[in-house]
Each structure stands twice: as C-alpha cells, then as structure tokens.
Amino acid sequence: MEINTYTFLTILGCGIVTWLSRVVPFILVKNFTIPKPVIRFLSFVPVAIMAALFIENVLVFKPGQWATIQWPQMLASIPTFAAAIISKSLMIICVVGIVSMALVRFFHLGM
Amino acid sequence: MNSDITFQAGVKDVIPTLLGYIGVGVAYGVVAQTSNFSLLTVALLCLIVYAGSAQFAITTMIVSGSPIPAIIMSAFLINSRMILMSTSMAQYFKNESLKANIAIGSLLTDETFALGMNKAAVTHGKLNSKWFNTTNVIAYSVWCLSCLVGALAGKLISDPKTLGLDFAIVAMFIGLLYLQMISDRRRKLSVQFSVVLVVIISFIIYGRFLNTEIALLLSALTACFAGMVIENGD
C-alpha cells in the first residue's frame, strides 16, 4: 500500500477538475434563470450525447485519417439494436449485447 | 422502467447498468494492476476521479511520467462533456436545495445521466434526489468495488474481454439511445433520427482533425444546434 507524491497530486488535480465539471453547472442552473432557447438546445443533449458515445465505441479515430470501423463492435451492435426494438428492456439489451460480443469474439467474426 | 421515483425504483432501475460498470471496472483494475499501481492508488483514482475513460487515460499518462498539468488537462477534456450533461440534468432539480444539487452533480456519470433522462421521459419530467442519489451511490460503489476486484484478481483473470463483458457499456448506450428516442412523444422521430445522423457525420469529420474527446463534445453540440434548426423548419 503506497502512493508517491506525483501520483497523488495528479489524482487530486484530475479529481478537482472533474468534480467542478459535474457540479458547477448544477450551481449555475439553480441560481440563474436559463433562457428558453438554451433549454430547447439542452433538450437535444441526451440523444446527441448517447449517439456520440455509441459512435466513439464502434469507430477508431486516428489523427489525420478518416475513422475506421471496429467490426466486432459493429457486428455485436446489430442484435443489440434488435433487442432494444423488440424488448425495450435495458436488462435484456445488456445481456444480448454481452452474449453477442462473446460470440463474435469466440468465432473471430470481423477480426 | 415505471414512473415511480422511490428508493426501491432507483435500485431496480440501476441494476441493468451495473453489468457495464462491472465489466469496465474489472477491466480497468486489471490494467491498473499490470501498470504496478498499488491498491491504494486504484482506490483513490476511483473514489476521487470516478470516470471510466479518464481513469484509463490518467493511468497511461502516469506510467509514462507525463507532467501533472498535461494529465489534468487531458482529464478535463475527456470529462468536458460532463458540463453539457450536468447543465441538462440540473433543469430537473431547480427546486431542490443547493446541497441536494451538489450531491447529485458530484456522482453524475454518462450512465446515470442517460438513465435519469430516460426516467424523466417516463415520468413526464419528474425526478427527485431520493431516486437519483440511490442510482448514483449504487453505481459509485459498484464501480469502485469492481476496479478493486480487477486490481486484486488481475493475475488470475485472463482477459475480461473474452466474456464480452466490456461490451455491456456499449449495449447500454444503444439501449438508452433507442429508449430515449422513442420515449419523448413531444418530439418527432424524424427529428431524433436527424440529430443522430448529424452526430455521426460531424463526429467523423471532426475526428479526422481533432482529439477524439473534443470531437465527441463538438459533434454533440453541433447536433443540438441542428436539432433546433430542423424542428423550427417543420
């Protein structure tokens, strides 16, 4: 059990900037009235962020080049989307996703 | 997911997302262990930073001995999307105390944000701190424990990837994205699809020229603007 000063200060600094990113917006929104157009803008955030997080996980980005597709992730996403449409249950979607990925890797699909 | 916003509902609603936390948390623990991080270091990273992709980046940078300001800057960039998510989520808690707001914000993650937004769509915009703190605290505990288990068992576990567990988090984003798109009845599905399309195209374009995390944030912002324009044009 040990930690050096360099590592500790790094963790502390990263923790502070991350915490501020999480908390300051809550304090600002609580104390100021947000203009209507901004609220409408923010109403698109959930779908936009979730789509972006999905894309980040199925593509590989390299600076100066076009992104390429991670085929195992892309293939496993197909049954997962199907499970979402059919079941509308997050638990089933996650289980189908895990099993699909395990099968894709077991049979070396898309690699 | 039903429209209850109680402690019990919070426990029930967060369970599916835990698979993702366990999969990625154990994977992170294994990486930290192979980077020769002590259990104390892993525990502090989880407890203080509490952010999946940022923890992987910080670990890599510590191992390579990067300067502290550079690591902090990277962590900030990776987590900058939190600013957008927190601003968006804070709308639902304007009537709760400042303390309650700080508590919710402190433990907000991609996953609990997505879960909360799905819940808000089901309850027609009603959320409370009891429900949210329940999901947040369970997610936080499971994440920290999973990272520690990965770090402890690093030598025993071959590779959590072979089990497909790491994909749980992607599956969750797929599920939450789809459920979010169909649950907001006030918004046309065609508008939602357009927003997703703008994200894909702009992310690919920005991703060629910029750091991936900045490209992610900018593509989300671009898509929100596009959404406003498209909806007005209807």
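The values are calculated or read from the model by the stated rules, or taken from the named source; none is laboratory data. What you are looking at is a predicted structure, and each value in this text was computed from that prediction instead of being measured. Quick reminder, even Gly has a Cβ in these numbers, built from the backbone with ideal geometry, and neighbours come from all protein chains shown. For accessibility, only protein heavy atoms count, side chains too; no ligands or nucleic acids. Shrake-Rupley method; radii C 1.70, N 1.55, O 1.52, S 1.80 Å.
Here are the numbers for the structure shown:
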{"item": "Long-range HN-HN contacts of A:L59 with modeled amide H, under 5 Å", "result": "A:Q70"}
{"item": "Carbon/sulfur fraction of accessible area - segment A:36-109, other protein chains in place, 1.4 Å, %", "result": "77 percent"}
{"item": "Reduction of at least 10 Å² in accessible surface, 1.4 Å probe, comparing all protein chains with the chain by itself, residues of segment B:187-212", "result": "B:R187, B:Q192, B:V195, B:V196, B:V199, B:I200, B:F203, B:I204, B:I205, B:G207, B:R208, B:T212"}
{"item": "Alpha carbon convex hull of segment B:7-185, volume per residue in cubic angstrom", "result": "120 Å³"}
{"item": "Charge dipole (the protein assembly as shown, unit charges on Cβ, about Cα centre) - positive-most of B:I62, A:G13, A:N31", "result": "A:N31"}
{"item": "Net dipole in debye of segment B:141-234 [+1 Lys, Arg Cβ; -1 Asp, Glu Cβ; about Cα centre; nearest 20]", "result": "100 debye"}
{"item": "Segment B:109-141 residues near the modelled B:V149 label - backbone nitrogen below 16 Å, point 7 Å along Cα→Cβ", "result": "B:138-141"}
{"item": "Two-decimal Rg/Rh across segment B:142-213, once Rg and the Kirkwood Rh are taken from alpha-carbon atoms", "result": "1.15"}
{"item": "For segment B:7-185: relative contact order, % (alpha-carbon pairs under 8 angstrom, 6 or more apart)", "result": "47 percent"}
{"item": "Chains B and A, summed buried accessible surface - 1.4 Å probe, Å², nearest 100", "result": "7800 Å²"}
{"item": "Cα-based helix-to-principal-axis angle, B:52-63 vs chain B, degrees rounded to 10", "result": "30 degrees"}
{"item": "Chain B: most fluctuating residue of B:V191, B:V24, B:V42 per GNM, C-alpha cutoff 10 Å", "result": "B:V191"}
{"item": "C-alpha long axis of helix B:7-34 to longest principal axis of chain B, angle in °", "result": "40 degrees"}
{"item": "Chain A: calculated mean residue ellipticity at 222 nm from DSSP helix runs of at least 4, using -39500 (n - 2.57)", "result": "-24500 deg cm²/dmol"}
{"item": "Calculated FRET value between B:L197 and B:F225, using beta carbons and R₀ = 22 Å, to 0.05", "result": "0.95"}
{"item": "Global form of segment A:36-109, assessed from the alpha-carbon gyration tensor, a/c cut-off 1.5", "result": "oblate"}
{"item": "Chymotrypsin sites (Phe, Trp or Tyr not before Pro) restricted to segment A:16-111 and DSSP loop, no more than 13 other C-beta within 10 Å", "result": "A:F32, A:W66, A:F107"}
{"item": "Accessible area per residue in Å² at 1.4 Å probe, computed on segment B:187-234", "result": "49 Å²"}
{"item": "Relative contact order, percent, segment B:187-234 [alpha-carbon distance under 8 Å, six or more residues apart]", "result": "47 percent"}
{"item": "Cβ-defined net charge surrounding B:A9, 11 Å radius [Lys, Arg +1; Asp, Glu -1]", "result": "+1"}
{"item": "Reach of B:K130 by Cα under 20 Å, taken over aspartates and glutamates that are not fewer than 8 positions away in the same chain", "result": "B:D4, B:D13, B:E96, B:D110, B:E111"}
{"item": "Distance (nanometres) between label positions extended 7 Å along Cα→Cβ at A:I78 and B:L189", "result": "2.2 nm"}
{"item": "Distribution of pairwise C-alpha distances over the protein assembly as shown, 10 Å bins, in %", "result": "6, 25, 36, 26, 7, 1, 0"}
{"item": "Given charges at beta-carbon only (K, R positive; D, E negative), |dipole| of the protein assembly as shown in Debye", "result": "640 debye"}
